[in-house]
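Engineer: Right, I'll just put the structure down here and ask away after.
The values are calculated or read from the model by the stated rules, or taken from the named source; none is laboratory data. What you see is a predicted model; the values in this text were computed from it and never measured. Note that each Cβ is placed from the backbone with ideal geometry, even for glycine, and that neighbours are counted across all protein chains shown. Please note that ligands, DNA and RNA were not included when accessible areas were found on the heavy atoms of the full protein model with its side chains. Shrake-Rupley method; radii C 1.70, N 1.55, O 1.52, S 1.80 Å.
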Amino acid sequence: DAAISIRSVSKYYVSGNGKKTKALDSVDLTVNRGEFVSIIGPSGCGKTTMLKMVGGILGWDHGEVEVLGKAVEGPGPERATVFQSFALLPWMTVIDNVSFGLKVRGVAKPERYNIARGLLKSVGLGDFEHAYPRQLSGGMQQRVGLARALAVSPQVLLMDEPFSAIDAQTRLILQTDLLDIWSKTDLSVLFITHAMDEAVFLSDKVVIMGARPGHVTEVIDVDLPRP
Ligand code: ADP
Ligand code: ADP
(Lines give C-alpha, C1' and ligand atoms only; values in the text may rest on other atoms or scores of the structure.)
(Ligands and ions follow the chains in the order given, each with its own letter.)
Protein backbone atom coordinates (compact mmCIF):
# COMPACT_ATOMS: atom_id res chain seq x y z
CA ASP A 1 0.00 0.00 0.00
CA ALA A 2 0.89 3.66 -0.27
CA ALA A 3 3.14 5.59 2.11
CA ILE A 4 0.59 8.41 2.25
CA SER A 5 -2.98 8.29 1.00
CA ILE A 6 -5.26 11.33 1.16
CA ARG A 7 -8.74 10.66 -0.19
CA SER A 8 -11.51 13.23 -0.72
CA VAL A 9 -10.31 15.28 2.22
CA SER A 10 -11.95 18.56 3.12
CA LYS A 11 -10.95 20.86 5.94
CA TYR A 12 -12.56 23.98 7.35
CA TYR A 13 -11.06 26.38 9.84
CA VAL A 14 -13.53 28.11 12.12
CA SER A 15 -12.41 31.44 13.52
CA GLY A 16 -13.52 33.02 16.80
CA ASN A 17 -16.50 34.80 15.27
CA GLY A 18 -17.76 31.54 13.74
CA LYS A 19 -16.58 32.37 10.22
CA LYS A 20 -15.66 29.24 8.23
CA THR A 21 -12.67 29.12 5.87
CA LYS A 22 -12.48 26.18 3.51
CA ALA A 23 -8.79 25.26 3.47
CA LEU A 24 -9.06 21.99 1.52
CA ASP A 25 -11.86 20.97 -0.82
CA SER A 26 -12.08 17.23 -1.56
CA VAL A 27 -8.35 16.74 -2.09
CA ASP A 28 -6.79 13.47 -3.28
CA LEU A 29 -3.07 12.74 -3.05
CA THR A 30 -0.95 9.60 -3.00
CA VAL A 31 2.72 9.22 -2.12
CA ASN A 32 3.97 5.74 -2.97
CA ARG A 33 6.59 4.05 -0.83
CA GLY A 34 10.05 5.40 -1.52
CA GLU A 35 8.66 8.23 -3.60
CA PHE A 36 9.64 11.91 -3.33
CA VAL A 37 6.58 14.07 -3.93
CA SER A 38 6.48 17.88 -3.85
CA ILE A 39 3.41 20.02 -3.38
CA ILE A 40 3.66 23.41 -5.01
CA GLY A 41 1.19 26.27 -4.88
CA PRO A 42 0.69 29.87 -3.82
CA SER A 43 0.49 31.04 -0.23
CA GLY A 44 -2.82 30.10 1.37
CA CYS A 45 -3.76 27.23 -0.96
CA GLY A 46 -3.67 24.65 1.84
CA LYS A 47 -0.21 23.06 1.64
CA THR A 48 0.66 23.37 5.32
CA THR A 49 -2.82 22.26 6.32
CA MET A 50 -2.34 19.06 4.31
CA LEU A 51 1.09 18.37 5.80
CA LYS A 52 -0.16 18.90 9.36
CA MET A 53 -2.98 16.43 8.79
CA VAL A 54 -0.54 13.79 7.56
CA GLY A 55 1.69 14.61 10.55
CA GLY A 56 -1.23 13.96 12.86
CA ILE A 57 -1.22 17.41 14.47
CA LEU A 58 -4.37 18.71 12.80
CA GLY A 59 -7.73 17.09 12.18
CA TRP A 60 -9.98 17.26 9.10
CA ASP A 61 -13.71 17.28 8.41
CA HIS A 62 -14.32 14.81 5.57
CA GLY A 63 -12.40 12.05 3.85
CA GLU A 64 -9.54 9.76 4.80
CA VAL A 65 -5.86 10.23 5.59
CA GLU A 66 -3.72 7.09 5.84
CA VAL A 67 -0.02 6.57 6.43
CA LEU A 68 1.47 3.16 5.58
CA GLY A 69 -2.02 1.73 5.32
CA LYS A 70 -3.21 2.94 8.72
CA ALA A 71 -5.68 5.74 9.42
CA VAL A 72 -3.92 8.76 10.95
CA GLU A 73 -5.10 9.35 14.51
CA GLY A 74 -2.26 11.52 15.79
CA PRO A 75 1.49 11.84 15.49
CA GLY A 76 3.40 8.58 15.17
CA PRO A 77 7.00 7.34 15.32
CA GLU A 78 7.05 6.41 11.62
CA ARG A 79 6.67 10.09 10.63
CA ALA A 80 9.01 13.05 11.16
CA THR A 81 8.59 16.67 10.15
CA VAL A 82 11.12 19.35 9.18
CA PHE A 83 9.86 22.92 9.50
CA GLN A 84 10.82 26.09 7.65
CA SER A 85 11.72 27.73 10.95
CA PHE A 86 14.05 24.86 12.05
CA ALA A 87 12.27 24.75 15.46
CA LEU A 88 15.43 23.75 17.33
CA LEU A 89 15.50 23.96 21.12
CA PRO A 90 17.77 26.96 21.80
CA TRP A 91 18.89 25.86 25.25
CA MET A 92 20.16 22.50 24.01
CA THR A 93 23.39 21.75 22.19
CA VAL A 94 23.29 20.45 18.63
CA ILE A 95 23.80 16.83 19.67
CA ASP A 96 21.06 17.08 22.31
CA ASN A 97 18.69 18.56 19.76
CA VAL A 98 19.40 15.76 17.30
CA SER A 99 19.06 13.00 19.89
CA PHE A 100 16.05 14.49 21.68
CA GLY A 101 13.51 12.29 19.91
CA LEU A 102 15.53 9.21 20.87
CA LYS A 103 15.70 10.38 24.48
CA VAL A 104 11.92 10.70 24.52
CA ARG A 105 11.79 7.11 23.28
CA GLY A 106 14.00 5.95 26.13
CA VAL A 107 17.19 5.29 24.15
CA ALA A 108 20.21 5.40 26.50
CA LYS A 109 22.68 8.28 26.17
CA PRO A 110 25.67 6.44 24.64
CA GLU A 111 23.45 4.89 21.98
CA ARG A 112 21.54 8.05 21.12
CA TYR A 113 24.73 10.12 20.96
CA ASN A 114 26.21 7.48 18.70
CA ILE A 115 23.28 7.71 16.30
CA ALA A 116 23.26 11.52 16.47
CA ARG A 117 27.02 11.73 15.77
CA GLY A 118 26.64 9.56 12.67
CA LEU A 119 23.87 11.78 11.36
CA LEU A 120 25.70 15.01 12.17
CA LYS A 121 28.66 13.68 10.22
CA SER A 122 26.44 12.81 7.27
CA VAL A 123 25.08 16.38 7.14
CA GLY A 124 28.57 17.88 7.47
CA LEU A 125 28.32 19.03 11.08
CA GLY A 126 30.58 16.50 12.75
CA ASP A 127 32.57 19.27 14.44
CA PHE A 128 29.59 21.15 15.85
CA GLU A 129 27.96 18.74 18.27
CA HIS A 130 28.64 20.97 21.31
CA ALA A 131 27.53 24.21 19.61
CA TYR A 132 24.21 25.87 20.38
CA PRO A 133 21.73 26.63 17.58
CA ARG A 134 22.26 30.40 17.81
CA GLN A 135 25.95 29.92 17.00
CA LEU A 136 25.08 28.36 13.63
CA SER A 137 23.99 29.87 10.31
CA GLY A 138 20.47 29.24 9.00
CA GLY A 139 21.73 26.56 6.62
CA MET A 140 23.58 24.79 9.42
CA GLN A 141 20.53 24.96 11.69
CA GLN A 142 18.45 23.35 8.97
CA ARG A 143 21.05 20.57 8.68
CA VAL A 144 20.53 20.00 12.39
CA GLY A 145 16.77 19.98 11.76
CA LEU A 146 17.21 17.33 9.09
CA ALA A 147 19.50 15.22 11.29
CA ARG A 148 16.99 15.48 14.14
CA ALA A 149 14.16 14.31 11.88
CA LEU A 150 16.20 11.37 10.59
CA ALA A 151 17.42 10.36 14.07
CA VAL A 152 14.20 8.51 14.82
CA SER A 153 14.50 6.48 11.57
CA PRO A 154 11.18 7.62 10.12
CA GLN A 155 9.69 5.89 7.10
CA VAL A 156 7.86 9.06 6.08
CA LEU A 157 9.52 12.48 6.06
CA LEU A 158 7.31 15.58 5.92
CA MET A 159 9.00 18.85 4.97
CA ASP A 160 7.36 22.27 5.04
CA GLU A 161 9.39 24.71 2.91
CA PRO A 162 12.55 23.64 4.72
CA PHE A 163 14.96 25.59 2.52
CA SER A 164 13.06 28.76 1.73
CA ALA A 165 14.68 30.78 4.54
CA ILE A 166 18.15 29.81 3.30
CA ASP A 167 20.41 31.53 0.74
CA ALA A 168 20.44 30.11 -2.80
CA GLN A 169 23.91 28.59 -2.71
CA THR A 170 23.41 26.83 0.61
CA ARG A 171 19.96 25.71 -0.55
CA LEU A 172 21.47 23.87 -3.50
CA ILE A 173 23.91 22.07 -1.21
CA LEU A 174 21.11 21.08 1.16
CA GLN A 175 18.89 19.90 -1.70
CA THR A 176 21.70 17.72 -2.98
CA ASP A 177 22.37 16.35 0.52
CA LEU A 178 18.70 15.56 0.94
CA LEU A 179 18.56 13.67 -2.36
CA ASP A 180 21.70 11.79 -1.37
CA ILE A 181 20.17 10.69 1.94
CA TRP A 182 16.83 9.89 0.30
CA SER A 183 18.45 7.76 -2.42
CA LYS A 184 20.29 5.65 0.18
CA THR A 185 17.14 4.85 2.17
CA ASP A 186 13.57 3.85 1.42
CA LEU A 187 12.23 7.11 2.84
CA SER A 188 8.98 8.41 1.41
CA VAL A 189 9.00 12.22 1.29
CA LEU A 190 6.25 14.81 1.08
CA PHE A 191 7.86 18.19 0.46
CA ILE A 192 6.16 21.58 0.39
CA THR A 193 7.58 24.42 -1.65
CA HIS A 194 6.45 27.43 -3.60
CA ALA A 195 9.38 27.16 -6.03
CA MET A 196 8.84 25.14 -9.21
CA ASP A 197 12.58 24.73 -9.86
CA GLU A 198 13.00 23.16 -6.42
CA ALA A 199 10.01 20.88 -6.91
CA VAL A 200 11.25 19.61 -10.28
CA PHE A 201 14.83 19.20 -9.09
CA LEU A 202 13.88 17.11 -6.07
CA SER A 203 10.80 15.13 -6.96
CA ASP A 204 9.43 12.06 -8.68
CA LYS A 205 6.05 13.75 -8.75
CA VAL A 206 4.93 17.38 -8.47
CA VAL A 207 1.45 18.09 -7.17
CA ILE A 208 0.18 21.51 -8.18
CA MET A 209 -2.39 23.18 -5.95
CA GLY A 210 -4.32 26.37 -5.90
CA ALA A 211 -5.98 27.45 -9.14
CA ARG A 212 -8.94 27.35 -6.77
CA PRO A 213 -7.97 27.47 -3.09
CA GLY A 214 -7.84 24.04 -1.48
CA HIS A 215 -7.75 22.11 -4.78
CA VAL A 216 -5.20 19.86 -6.39
CA THR A 217 -5.04 21.14 -9.95
CA GLU A 218 -2.61 18.77 -11.60
CA VAL A 219 -0.15 15.99 -10.84
CA ILE A 220 3.00 15.89 -12.97
CA ASP A 221 5.36 12.91 -13.13
CA VAL A 222 8.89 14.25 -13.32
CA ASP A 223 11.21 12.14 -15.40
CA LEU A 224 14.52 13.96 -15.20
CA PRO A 225 17.92 12.54 -14.35
CA ARG A 226 18.95 13.50 -10.84
CA PRO A 227 22.32 13.59 -9.08
P1 ADP B 1 -0.36 27.30 2.57
O2 ADP B 1 0.48 26.38 3.41
O3 ADP B 1 -0.54 26.78 1.18
O4 ADP B 1 0.15 28.70 2.58
P5 ADP B 1 -2.34 26.98 4.66
O6 ADP B 1 -2.56 25.52 4.76
O7 ADP B 1 -1.45 27.61 5.68
O8 ADP B 1 -1.82 27.31 3.19
O9 ADP B 1 -3.74 27.74 4.71
C10 ADP B 1 -4.85 27.37 3.90
C11 ADP B 1 -6.02 28.30 4.20
O12 ADP B 1 -6.48 28.10 5.52
C13 ADP B 1 -5.70 29.78 4.09
O14 ADP B 1 -6.84 30.43 3.63
C15 ADP B 1 -5.39 30.17 5.52
O16 ADP B 1 -5.64 31.54 5.73
C17 ADP B 1 -6.36 29.30 6.28
N18 ADP B 1 -5.85 28.96 7.63
C19 ADP B 1 -4.67 28.32 7.91
N20 ADP B 1 -4.52 28.15 9.24
C21 ADP B 1 -5.61 28.70 9.81
C22 ADP B 1 -6.06 28.83 11.15
N23 ADP B 1 -5.32 28.36 12.17
N24 ADP B 1 -7.24 29.46 11.36
C25 ADP B 1 -8.00 29.91 10.34
N26 ADP B 1 -7.63 29.80 9.04
C27 ADP B 1 -6.46 29.22 8.77
P1 ADP C 1 -5.27 25.25 14.39
O2 ADP C 1 -5.74 26.03 13.22
O3 ADP C 1 -6.05 23.99 14.59
O4 ADP C 1 -5.13 26.09 15.62
P5 ADP C 1 -2.38 25.21 14.36
O6 ADP C 1 -1.73 25.79 13.17
O7 ADP C 1 -2.38 26.06 15.58
O8 ADP C 1 -3.83 24.75 13.94
O9 ADP C 1 -1.71 23.80 14.68
C10 ADP C 1 -2.43 22.70 15.22
C11 ADP C 1 -1.56 21.95 16.18
O12 ADP C 1 -0.28 21.75 15.61
C13 ADP C 1 -1.34 22.69 17.49
O14 ADP C 1 -1.47 21.77 18.57
C15 ADP C 1 0.06 23.21 17.41
O16 ADP C 1 0.67 23.24 18.69
C17 ADP C 1 0.72 22.20 16.50
N18 ADP C 1 1.76 22.83 15.71
C19 ADP C 1 1.60 23.82 14.82
N20 ADP C 1 2.78 24.20 14.30
C21 ADP C 1 3.71 23.40 14.89
C22 ADP C 1 5.13 23.30 14.78
N23 ADP C 1 5.83 24.11 13.98
N24 ADP C 1 5.74 22.38 15.53
C25 ADP C 1 5.03 21.58 16.33
N26 ADP C 1 3.72 21.62 16.49
C27 ADP C 1 3.06 22.53 15.78
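Engineer: Here are the criteria: (1) small (Gly, Ala, Ser); (2) more than 8 Å from ligand 1 (Cβ to nearest atom); (3) open to solvent by 20 Å² or more (accessible area, probe 1.4 Å). Tell me which single one SER15 does not satisfy.
Structural biologist: If we test SER15 against (1) small (Gly, Ala, Ser); (2) more than 8 Å from ligand 1 (Cβ to nearest atom); (3) open to solvent by 20 Å² or more (accessible area, probe 1.4 Å), just (2) comes out false.
Engineer: Another question about this same structure. Go through VAL98, VAL104 for me and flag whichever is of a type in the set (Val, Ile, Thr) and either more than 25 Å from ILE57 (Cα to Cα) or surrounded by 17 or more Cβ atoms within 10 Å (Cβ to Cβ) (or both).
Structural biologist: Unique residue meeting the criteria: VAL98.
Engineer: Going by the structure shown, is LEU158 aliphatic (A, V, I, L, M), part of a loop (DSSP other than H, G, I, E, B) and either surrounded by 15 or more Cβ atoms within 10 Å (Cβ to Cβ) or at pLDDT below 95 (or both)?
Structural biologist: no
Engineer: Take segment 45-90 and flag every residue that is touching a residue at least 60 places away in the same chain (Cβ under 8 Å), away from ligand 2 (no atom under 13 Å from the Cβ) and either within 12 Å of the chain's Cα centre (by Cα) or open to solvent by 70 Å² or more (accessible area, probe 1.4 Å) (or both).
Structural biologist: The one that is touching a residue at least 60 places away in the same chain (Cβ under 8 Å), away from ligand 2 (no atom under 13 Å from the Cβ) and either within 12 Å of the chain's Cα centre (by Cα) or open to solvent by 70 Å² or more (accessible area, probe 1.4 Å) (or both): PRO77.
Engineer: For SER26, which of the numbered conditions (1) away from ligand 1 (no atom under 13 Å from the Cβ); (2) open to solvent by 70 Å² or more (accessible area, probe 1.4 Å); (3) not basic (Lys, Arg) fails to hold?
Structural biologist: (2)
Engineer: Mind checking whether some residue in segment 73-93 is on the phi < 0 side of the Ramachandran plot, of a type outside the set (S, T, N, Q) and in contact with a Ser or Thr (Cβ under 6 Å, 6 or more places away or on another chain)?
Structural biologist: no
Engineer: Can you list the strands (runs of 3 or more DSSP E) found entirely within segment 16-78 that contain at least 2 residues being farther than 24 Å from VAL222 by Cβ?
Structural biologist: 20-31, 62-67
Engineer: Checking the structure you have, find out if any residue of segment 136-152 is open to solvent by 30 Å² or more (accessible area, probe 1.4 Å) and part of a loop (DSSP other than H, G, I, E, B).
Structural biologist: Among the residues of segment 136-152, at least one is open to solvent by 30 Å² or more (accessible area, probe 1.4 Å) and part of a loop (DSSP other than H, G, I, E, B), which makes the answer yes.
Engineer: Looking at the structure I just gave you, is ALA116 under 21 Å from the mean Cα position of the chain (by Cα), under 26 Å from GLN175 (Cα atoms) and either within 15 Å of ligand 1 (Cβ to nearest atom) or part of a helix (DSSP H, G or I) (or both)?
Structural biologist: Judged against the criteria, ALA116 is a match.
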